[in-house]
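Everything below concerns the one structure shown next.
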Amino acid sequence: MRAVPLFLAAGLAAALDNGLAVTPQLGWNTWNSFACNMNETVVLDAARRIVELGFKDLGYNYVVLDDCWSAGRNSSGYLVPDKKKFPSGIADVANKIHDMGLKIGIYSSAGTMTCGHYAGSLGYEKKDAEVWASWGIDYLKYDNCYNLGEEGTPKLSYDRYNAMSKALNETGREILYSLCNWGVDGPWNFAPTMANSWRMSGDLTNVWDRDDVNCPCSEHEGLDCKLPGYHCSIMNVVNKAVFFAQKAYPGAWNDLDMLQVGNGGLTEDEAISHFSLWAAMKSPLLMTNVMTKIDGPTLSILQNTAVLAVSQDPRGSSAVRIWRHYVDGGEIQMYSGPLSGNDQVVLLLNGGSEAREMNATLSDIFWLSGAEGTAPQLKYEWDVYDLWAARMSNDTANAIIHQKENATLPFNMTAHGGASKVYAQVPLPTSTALMGKKVSTVKAGGSVKAHVKPHGVAMFRLRAVEKKDEL
């Protein structure tokens with residue numbers, strides 16, 4: 001499967017008429033930590049910490065209000081915010097968030113009610129889009145609850161979600177459109193024409209790998225597989241998403257759901273694997289941890305610029321699963337994908353319960369460029385950079401959190417022109433912050449090898465030693 005050429009991807013993205021999410025969106029969402037207990041204070045406190053802790057400089061710029069923010073509709077049919085939760089009004093909150101250099105998102109459902117039983121937007125698309133634009137909203141997460149049965153065929157789902165897409169575009173305001181219909185009716189086939197991202201499965205929970213009756217289909221079962229649900233484990237979602245990787249391109253992304261890093265339930269190795277997989281597969285990265293209570297390991301994982309550089313790579317090609325094997329204690333997988341400047345990302349996933357030695361041959365790594373050892377990349381030597389080897393220490397992260405003297409980010413993105421400009425450089429500068437640590441050089445016919453912990457990953461960036469322009 002060949003990656004979408006940049007010139008073609010740009011043309012496809014333009015069809016959305018908003019020019020947003022050229023790379024997967026980064027930000028923070030209220031739901032997993034606060035659910036319906038979110039309010040104006042929660043949102044603004046989180047926004048301040050996003051700025052203070054350096055997340056904004058790394059590209060995390062959307063602050064998204066999820067469900068339960070509204071108090072219904074006024075006599076003219078327009079949504080109004082809950083005055084107890086937002087005494088200053090959402091427009092005022094939006095102004096304050098914009099003053100911090102961030103953007104604000106909001107939530108609704110393509111149904112008569114939201115999932116939390118608040119007023120939905122079905123039939124009110126134009127009014128709702130107008131009021132959000134008047135408040136200064138920059139992002140819409142659009143759910144699928146209480147849809148009056150208007151699903152079951154791609155055309156039904158297309159029409160319902162396209163109504164909001166048109167309404168948003170007609171406001172004249174740039175509003176990123178995050179479609180959230182849980183994979184119903186195969187949104188990867190129609191959503192790219194109308195949305196910047198689409199949820200491809202049920203709701204993710206902070207569990208590594210566990211079958212749950214509330215999240216059907218631990219294995220892909222074709223058209224009869226019921227993708228929606230909740231309590232979906234990380235491995236469940238990943239093993240569904242691999243089948244749609246090729247559907248994403250700049251401006252339109254497969255959404256594997258919000259990040260669970262920092263919410264408990266996952267070991268540190270599992271959290272690293274979760275973040276790595278979401279970045280490599282080009283899912284939007286929406287944090288959901290309590291920003292005012294963030295700990296060192298969570299900050300260190302979420303601020304790994306070498307992994308973020310893969311997420312935000314301007315080529316916009318998702319890594320794909322090359323192989324999957326069942327072994328004693330679990331399963332192992334290998335992912336590979338092209339990056340800008342002829343670099344390559346490689347990810348070795350140990351889904352099992354025992355540590356093991358893993359390797360990926362160059363023939364496997366460049367399989368999509370030529371089967372059976374015919375890829376032109378196999379003629380060259382490759383420097384191998386470990387993207388987690390230079391991770392910020394927990395001590396440094398804790399110093400940043402507690403604002404101790406001389407606590408600064410190891411790599412100041414603002415000083416280097418801001419995250420979007422740095423990640424867009426082709427090739428990226430060779431630095432520990434953006435490339436990780438060089439660990440080996442692989443010659444033609446060789447392999448990338450790693451010791452991988454249980455439920456862990458090894459993640460590498462490969463860069464040709466020479467003759468890169470000929471690849």
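The values are calculated or read from the model by the stated rules, or taken from the named source; none is laboratory data. Given the structure is predicted, the values throughout are model-derived calculations rather than measurements. All Cβ positions, glycine included, derive from the backbone under ideal geometry; neighbour counts span all protein chains shown. Only protein heavy atoms, including side chains, enter the accessible area calculation; ligands, DNA and RNA are left aside. Shrake-Rupley method; radii C 1.70, N 1.55, O 1.52, S 1.80 Å.
Summary table
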quantity	calculated
Counting DSSP beta bridges with both ends in the chain, the antiparallel % (nearest 5)	65
Backbone HN-Hα couplings from phi across segment 117-122 [Karplus 6.51/-1.76/1.60, Hz, Gly and Pro as x]	6, 9, 4, x, 10, 4
Surface per residue (accessible, 1.4 Å probe) for the chain, Å²	39
Under 19 Å from LYS85, Cα to Cα: aspartates and glutamates that are on another chain or at least 8 residues apart	GLU40, ASP45, ASP66, ASP67
Karplus (6.51, -1.76, 1.60) ³J(HN,Hα), θ = phi - 60°, over segment 423-431, in Hz, Gly and Pro reported as x	5, 7, 5, 10, x, 5, x, 6, 9
Computed Rg/Rh of segment 320-464, alpha carbon atoms with Kirkwood Rh	1.03
Amide H contacts under 5 Å for GLY352, placed H, 5+ residues apart	GLU331, HIS455
Positive-end extreme of charge dipole, the chain - chosen from TYR142, PRO24, PHE244 (charges on Cβ)	PRO24
Percent accessible area from carbon and sulfur atoms, segment 26-312, protein chains only, probe 1.4 Å	49
Residue-wise HN-Hα coupling along segment 280-289, computed from phi with Karplus coefficients 6.51, -1.76, 1.60 (Hz; x: Gly, Pro)	5, 8, 6, 7, x, 10, 10, 5, 9, 6
Accessible carbon and sulfur surface of segment 320-464 relative to its total accessible area, %, 1.4 Å	48
Interchain or long-range residues, amide H under 5 Å from MET113's placed H	GLY120
Nearest-10 value in Å² for the accessible area of HIS325, using the 1.4 Å probe	90
Counting all C-alpha pairs of the chain, share separated by more than 35 Å (%)	28
Cα→Cβ-extended label distance, 7 Å offset, between LEU156 and GLU357, nm	5.5
CD proxy at 222 nm, helix term only [per DSSP H run n ≥ 4: -39500 (n - 2.57); per residue of the chain; nearest 500]	-7000 deg cm²/dmol
Solvent accessible area, Å² - THR361, 1.4 Å probe, full protein context	50
With DNA, RNA and ligands ignored, accessible area of LEU44 (1.4 Å probe; Å², nearest 10)	10
Nonlocal amide H pairs with ILE322, under 5 Å, H built at 1.01 Å	MET334, TYR335, SER336
Segment 72-226 - share of DSSP beta bridges that are antiparallel (%, nearest 5)	20
Too-long pairs where the Cα-Cα distance tops 23 Å, listed order kept, from LYS379/LYS421; LYS293/LYS437; LYS141/LYS282	LYS379/LYS421; LYS293/LYS437
Segment 229-254 and segment 319-381: distance between their alpha carbon centers, rounded to Å	18
